[in-house]
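To start, the structure itself, in structure tokens.
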Amino acid sequence: MDLAQIVSLSKRRGFVFPSSEIYGGLGSCWDYGPLGSQLKMNVKKIWWNAMTRRSDICGLDAAILMAPMVWKASGHIDGFSDPLVDCKNCQTRFRADNTESYLQHKKCPQCGSTQLSEPRNFNLMFKTHMGPVEDSGSAVYLRPETAQGIFVNFLNCQVTTRMKVPFGIAQIGKSFRNEITPGNFIFRTREFEQMEMQYFVKPGSDQKYYEEWKNTRLNFYHKFGIKKENLRFHPHGPTELAHYAKAAVDVQYLFPMGWSELEGVHNRGDFDLTQHMKFSGKSLEYFDEAAKEKFIPYVIETAVGCDRLILAFLCDAYHEEKLDEAGEVRVVLRLHPELAPVKAAILPLSKKPELQEIAEKLRSDLSEVVECAYDESASIGKRYRRQDEIGTPYCVTIDFDTLQDQAVTLRHRDTMKQERISLVSLAERLPMLLKNF
Ligand code: ATP
């Protein structure tokens, strides 16, 4: 399977479209279509629930625009940059720190020329202006990560929830980075959505929670169906560690272009809270009532890109299956039922009004419970294929026997097995069927 198959399916079926397509698109920007927006909603939901339904984690939704001093304190204004090199021969611009031909032979990755500029640092933050006057005093930044919204709200959350350390704050939201080399579809874009959780712990217990969160995050991916052999840890060596990190590991996924970071789990120590105390002049110390002592908590962070995770789920779920000796192939997305944008498709066998009436009533009843689709065009086989391709776990067919026996045919996406099931019991049984899928 290659990425082109996922891009093509996404476009054809309405998962992801190029942004501003009728104007020729905009570099590395993508729009989630009818099915993609629902899939994205489901991905956020499983992450959000996995985090905030724990008694030790609360949620937050901070603003994208923040006081510019936040980025001074976090180190982004001074340090959030990539070293860029220009090829004088073919004008290609590339990153000096992750381009193999440059690192090994100081050569352009495009044309092999050695006529290259010195690396220059390029800040990845998008800058804009707040208010009517565009001077340096009105400059603000689109956040390059959601984490800082959590750090500056650490005490607000702690005081209002009365949670005790260790506890976490989870957030989902857009981040922006003026990436030099975006690409690989929704893997690396300039506007993307992050799902981050910062877990505040007592110094000294950080290593234990770091290990715990590594495993918790891996188990999350297993639970939602990502194949174990497609996931691995990549611990950061001393040269890879970010300035703020005490320890860091990437959860990597085997994307079509190779093993790449899906999520980062970091032990950030007390770097962020200490910096914000220094720059804001406000105390962010935690008071431990029981021990009657004050301390600055350490932070264990888990950070995953929602878009990157969607790509991993799509790649992992995508299967092409040979159906017969004649070579008929079906494309099936074996998405976990909680992720599937449509849970059940209602398919009247023909356009006869008596079947349509039952089918429409069933669609309306089931839609109270789960996301449903209705399709009455083309042959039943073709309609099954359409649903397989978007990962719909169940198809429900209403045929002429239904008029006599008040039963319908329930077809299972993965096994293609069919069973007869009573019409009236379906709304009640469907959630259980999805649960046990
Ligand atoms: P990379 O090394 O791929 O640039 P990073 O180490 O800078 O990523 P973090 O700052 O740790 O990434 O961000 C956490 C997560 O956010 C990443 O694991 C990734 O899933 C996601 N992410 C980061 N940058 C992008 C991007 N440009 N497009 C899509 N997702 C991104």
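A few comments on the model shown:
- DSSP beta bridges in the chain [antiparallel fraction, %, rounded to 5]: 85 percent
- The chain: C-alpha pair distances exceeding 29 Å, %: 56 percent
- Applying both filters, DSSP loop and at most 10 other Cβ atoms within 10 Å, to the trypsin sites (Lys or Arg not before Pro) of segment 310-363 gives 351.
- The residues 19, 377, 136, sorted by heavy-atom accessible surface at 1.4 Å with ligands and nucleic acids left out, run 136, 377, 19 from largest to smallest.
- Sulfur and carbon atoms: percent of accessible area, the chain [1.4 Å]: 51 percent
- Counting only protein heavy atoms and using a 1.4 Å probe, the accessible area of residue 274 comes to about 50 Å².
- Given a 1.4 Å probe and the protein chains as shown, residue 316 ends up with an accessible area of around 10 Å².
- Rounded to the nearest angstrom and listed largest first, the equivalent-ellipsoid semi-axes of segment 142-203 from its Cα gyration tensor are 30, 11, 9.
- Among beta bridges from DSSP that stay inside segment 299-437, the antiparallel ones total about 65%.
- In this structure, the residue pairs whose Cα-Cα separation is over 31 Å, taken from 45/72; 174/227; 127/282; 44/107; 107/214, are 45/72; 44/107; 107/214.
- Cα gyration tensor shape of segment 115-265, rounded if a/c is under 1.5, else prolate or oblate by comparing a/b with b/c: oblate
- Solvent-accessible surface ranking, highest first, for 413, 162, 95, 188 at 1.4 angstrom: 162, 188, 95, 413
- Annotation for segment 292-360: GluC sites (Glu not before Pro) lying in DSSP loop with at most 11 further Cβ atoms inside 10 Å of their Cβ are 325, 328.
- What the pair-distance distribution of segment 342-435 shows, using all Cα-Cα distances binned every 5 Å from zero, is 3, 15, 29, 28, 20, 6, 0 percent.
- With DNA, RNA and ligands ignored, accessible area of residue 65 (1.4 Å probe; Å², nearest 10): 80 Å²
- Mean residue ellipticity, 222 nm, helices only, the chain: the sum of -39500 (n - 2.57) across DSSP H runs of n ≥ 4, divided by residue count and rounded to 500, is -9500 deg cm²/dmol.
- Per residue value of the accessible surface for the chain (all protein chains in place, 1.4 Å probe), Å²: 48 Å²
The values are calculated or read from the model by the stated rules, or taken from the named source; none is laboratory data. These figures come from a predicted structure and were not determined experimentally. As a convention, Cβ positions derive from the backbone with ideal geometry for all residues, glycine included, and neighbour counts pool all protein chains shown. When the accessible area is computed, the model is the full protein with side chains, heavy atoms only, and any ligands, DNA or RNA have been set aside. Shrake-Rupley method; radii C 1.70, N 1.55, O 1.52, S 1.80 Å.
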